[in-house]
Amino acid sequence: MDLTDTGGLVALLSGLLIATGVVGVMLPMLPGLLLTWSGVLLWALLGDGSAGVRYTVLAAATVIAGAGMVIKFLWPGKKLRNSGVPTSALMAGGVLGLIGFFAIPVIGLVLGFLLGVWLVELNRLGSERAWPSTRAALGAVGLSLMVEFAAALGIAVVWVFGLIVA
């Protein structure tokens, strides 16, 4: 790849954005799926090669990102409703997770979320049934994270295929 031409530089910057997005899915500080899709958008608008291939890749990436965003919320939400975890426990987990994020960078988000859900469930269900309910909430969060990660990887794979074809 010759970096003196604009197309090579755009491909390199797009790849860096996509890689940052894939990693960003696992780090709560970065909007991973949005960064991944933005890398494909940059390449589709400014990259070299066939415009038809670039826009087809952008369309596929948009569908994958949209589906990932929707599934990321619907599937874990259904699992939570089935397990009986109330919205109040999730709200408390979200608030304490946000506080924990600033108190203990990176891992504070998870610790705060767990503590918030567990405290509400402890008050609601008692000590013996609080942890299984908390574990169900943690499983739903993990499922949401894996759906978003799979979508980001799917976008990256489609982009690499488009880069090869274009």
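The values are calculated or read from the model by the stated rules, or taken from the named source; none is laboratory data. Given the structure is predicted, the values throughout are model-derived calculations rather than measurements. Here the Cβ is made from the backbone with ideal geometry for all residues, glycine too, and neighbour counts use every protein chain on show.
Structure summary
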item: Options 85, 110, 95: the member that is surrounded by 14 or more Cβ atoms within 10 Å (Cβ to Cβ), of a type outside the set (Ser, Thr, Tyr) and under 20 Å from residue 29 (Cα atoms); result: 110
item: Close pairs from segment 77-100: first of a type in the set (D, E, K, R) and outside any loop (DSSP other than H, G, I, E, B), partner at pLDDT 90 or above and surrounded by 15 or more Cβ atoms within 10 Å (Cβ to Cβ), Cβ under 7 Å, at least 6 apart; result: 79/143
item: Selection status of residue 49, part of a loop (DSSP other than H, G, I, E, B) and surrounded by 15 or more Cβ atoms within 10 Å (Cβ to Cβ); result: yes
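So that you can scan it fast, the table gives a plain yes or no per residue for (1) within 12 Å of residue 148 (Cα to Cα); (2) outside any helix (DSSP H, G or I):
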{"position": "8", "(1), (2)": "no, no"}
{"position": "15", "(1), (2)": "no, no"}
{"position": "24", "(1), (2)": "yes, no"}
{"position": "30", "(1), (2)": "no, yes"}
{"position": "34", "(1), (2)": "yes, no"}
{"position": "39", "(1), (2)": "no, no"}
{"position": "54", "(1), (2)": "no, no"}
{"position": "72", "(1), (2)": "yes, no"}
